[in-house]
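Asker: Please see the structure below; I have some questions.
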Amino acid sequence: MSKRGKKAADAVDDGENENGAAPPEAKKGKKGKEPEAPIMYEDPPDKLTSKDGRAANMKISSWNVDGLRAWVKKKGLDWVREEAPDVICLQETKCAEKALPAEITSMPEYPHKYWSGSEDKEGYSGVAMLCKTEPIKVTYGIGKEEHDKEGRVITAEFPSFFLVTAYVPNASRGLVRLDYRKTWDVDFRAYLSDLDKQKPLVLCGDLNVAHQEIDLKNPKGNRKNAGFTPEEREGFTQLLEAGFVDSFRELYPDQGFAYTFWTYMMNARSKNVGWRLDYFVLSKALLPSLCDSKIRNTAMGSDHCPITLHLAI
């Protein structure tokens with residue numbers, strides 16, 4: 001989510017954090033009680049075989065870096081090299097192509113690099129895709145001018161699937177962009193459904209919605225906040241009903257406390273007061289290829305953590 005620092009600070013003034021918890025209230029009559037230790041999520045060992053026994057041979061990672069240049073300075077590329085995915089997708093790069101750090105533009109591990117930024121606002125939004133092998137074709141946007149000026153989508157075609165990385169618009173503080181977000185959800189779903197008719201797809205990125213109550217620490221206090229409104233949640237439900245699967249929930253349907261975003265405010269990350277906003281969504285046709293869907297919650301460098309998908313293609 002963009003402009004989080006300001007919005008989170010404003011939200012705290014309202015007694016709520018835009019993408020986090022309501023501040024703890026004083027408990028009357030319970031003096032001296034120790035605060036409960038936070039429940040942390042532990043990413044289990046990677047599963048590297050599909051249900052039908054095929055070995056994983058495609059690894060994709062995705063990370064909302066909350067500013068590419070700052071993320072590079074925070075050694076984000078060290079994690080990429082250690083994780084060594086076949087494709088790394090980045091969101092909220094906030095960096096014009098002319099200002100990209102040499103550390104990333106010259107990475108020999110990923111000779112095929114693709115960038116999309118905002119046309120109107122430099123330092124806003126932006127996505128990237130870095131590939132070890134060259135895709136058959138790469139396109140930008142979803143084919144609708146009203147959506148394609150902010151640098152939110154890159155699609156790469158590979159022999160057996162499409163890979164789409166997206167930074168979905170935030171409904172924003174006060175829900176001032178909620179109507180736009182609802183229009184986006186309809187148009188983006190239609191775009192994905194059209195792709196799915198040609199070959200199955202993987203969608204990854206910051207989808208700016210916590211789908212169910214299990215996907216954020218404080219659902220009760222956030223029902224009217226961006227990312228957890230009924231409209232945004234319903235938009236994601238409709239995407240799944242169109243023939244797609246939330247890969248993490250497919251494998252871990254009851255896993256709580258598994259988040260990918262924590263506001264910088266109020267030590268939210270150390271308390272694991274977070275939201276699951278980052279996803280790998282698959283065409284149902286790719287389910288037999290699914291090996292694992294990972295949340296790398298110990299990786300630092302952004303207010304989001306990276307996620308990784310293992311497929312047996």
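Asker: Quick check: anything in segment 56-68 open to solvent by less than 40 Å² (accessible area, probe 1.4 Å), assigned to a helix (DSSP H, G or I) and in contact with a strand residue (DSSP E or B) (Cβ under 9 Å, 6 or more places away or on another chain)?
Answerer: yes
Asker: While we're looking at this one, here's another question. For Val138, are the conditions met, namely being in contact (Cβ under 8 Å) with a residue 40 or more places away in the chain, under 23 Å from Phe280 (Cβ atoms) and in contact with a Phe, Trp or Tyr (Cβ under 7 Å, 6 or more places away or on another chain)?
Answerer: Here the answer is no, as Val138 does not meet what is asked.
Asker: Being open to solvent by 20 Å² or more (accessible area, probe 1.4 Å), at negative phi and assigned to a helix (DSSP H, G or I), is that true of even one residue in segment 294-302? So that I can check it myself, show each step before the final result.
Answerer: The initial filter retains those residues of segment 294-302 that are open to solvent by 20 Å² or more (accessible area, probe 1.4 Å), namely 296-298, 300.
Next, from what is left, pick out any that are at negative phi: 296-298, 300.
After this cut, where a residue has to be assigned to a helix (DSSP H, G or I) as well, the list is none.
Checked segment 294-302: no residue is open to solvent by 20 Å² or more (accessible area, probe 1.4 Å), at negative phi and assigned to a helix (DSSP H, G or I).
Asker: Filter segment 175-204 down to residues that are within 27 Å of Leu290 (Cβ to Cβ) and polar (S, T, N, Q) and give me whichever is surrounded by the fewest Cβ atoms within 10 Å (Cβ to Cβ).
Answerer: So, considering only residues that are within 27 Å of Leu290 (Cβ to Cβ) and polar (S, T, N, Q), the one surrounded by the fewest Cβ atoms within 10 Å (Cβ to Cβ) is Gln198.
Asker: Considering only segment 83-91, I want to know if a residue exists there that is in contact (Cβ under 8 Å) with a residue 12 or more places away in the chain, surrounded by 16 or more Cβ atoms within 10 Å (Cβ to Cβ), in contact with a Gly (Cβ under 9 Å, 6 or more places away or on another chain) and among the β-branched types (Val, Ile, Thr).
Answerer: Within segment 83-91, the first condition is being in contact (Cβ under 8 Å) with a residue 12 or more places away in the chain, and the residues that meet it are 83-91.
Narrowing the set further to residues that are surrounded by 16 or more Cβ atoms within 10 Å (Cβ to Cβ) leaves 83, 85-91.
Right, trim to in contact with a Gly (Cβ under 9 Å, 6 or more places away or on another chain) and you get 89-91.
Restricting the remaining residues to those that are among the β-branched types (Val, Ile, Thr) gives none.
Within segment 83-91 (the criterion being in contact (Cβ under 8 Å) with a residue 12 or more places away in the chain, surrounded by 16 or more Cβ atoms within 10 Å (Cβ to Cβ), in contact with a Gly (Cβ under 9 Å, 6 or more places away or on another chain) and among the β-branched types (Val, Ile, Thr)), the answer is no, since none of the residues qualifies.
Asker: Given the condition in contact (Cβ under 8 Å) with a residue 24 or more places away in the chain, more than 22 Å from Lys199 (Cβ to Cβ) and assigned to a strand (DSSP E or B), answer yes or no: does some residue in segment 218-235 qualify?
Answerer: No: segment 218-235 contains no residue that is in contact (Cβ under 8 Å) with a residue 24 or more places away in the chain, more than 22 Å from Lys199 (Cβ to Cβ) and assigned to a strand (DSSP E or B).
Asker: Would segment 92-109 turn up any residue that is in contact (Cβ under 8 Å) with a residue 60 or more places away in the chain and either within 21 Å of Thr260 (Cβ to Cβ) or under 20 Å from the mean Cα position of the chain (by Cα) (or both)? Spell out the reasoning first.
Answerer: Keep residues of segment 92-109 that are in contact (Cβ under 8 Å) with a residue 60 or more places away in the chain, which gives 92, 94.
From the residues that got through so far, the ones that are either within 21 Å of Thr260 (Cβ to Cβ) or under 20 Å from the mean Cα position of the chain (by Cα) (or both) too are 92, 94.
Yes, that holds for at least one residue.
Asker: Tell me, yes or no, whether segment 205-221 has at least one residue that is within 13 Å of the chain's Cα centre (by Cα), buried (at least 16 other Cβ atoms within 10 Å of the Cβ) and within 25 Å of Ser160 (Cβ to Cβ).
Answerer: Yes, some residue in segment 205-221 is within 13 Å of the chain's Cα centre (by Cα), buried (at least 16 other Cβ atoms within 10 Å of the Cβ) and within 25 Å of Ser160 (Cβ to Cβ).
Asker: Something else about it: Applying the selection to segment 98-138, what residues are open to solvent by less than 50 Å² (accessible area, probe 1.4 Å), of a type in the set (Val, Ile, Thr) and closer than 17 Å to Phe158 by Cβ?
Answerer: Taking segment 98-138 as the starting set, the residues that turn out to be open to solvent by less than 50 Å² (accessible area, probe 1.4 Å) are 99-101, 104, 107, 110, 112-118, 123-131, 135, 138.
Next, from what is left, pick out any that are of a type in the set (Val, Ile, Thr): 104, 127, 138.
Matches in segment 98-138: Val138 only.
Asker: If you don't mind, there's one more thing I want to ask. Considering each residue of segment 263-293, count those that are assigned to a loop (DSSP other than H, G, I, E, B), open to solvent by 10 Å² or more (accessible area, probe 1.4 Å) and not β-branched (Val, Ile, Thr), and give that number.
Answerer: Residues in segment 263-293 being assigned to a loop (DSSP other than H, G, I, E, B), open to solvent by 10 Å² or more (accessible area, probe 1.4 Å) and not β-branched (Val, Ile, Thr): 1 in total.
Asker: Select, from Lys149, Lys182, Lys197, the only residue that is outside any helix (DSSP H, G or I), farther than 21 Å from Ile60 by Cβ and free of Cβ contacts under 8 Å to residues at least 60 places away in the same chain. Give the steps one after another, and end with the answer.
Answerer: On the way: Lys182 fails: outside any helix (DSSP H, G or I); Lys197 fails: outside any helix (DSSP H, G or I).
Unique residue meeting the criteria: Lys149.
The values are calculated or read from the model by the stated rules, or taken from the named source; none is laboratory data. Just so you know, these numbers come straight off a predicted model, no measurement behind them. Neighbour counts run over all protein chains shown; Cβ positions are idealised from the backbone, glycine included. To get the accessible areas, we keep the full protein, side chains included, count just its heavy atoms, and leave off ligands, DNA and RNA. Shrake-Rupley method; radii C 1.70, N 1.55, O 1.52, S 1.80 Å.
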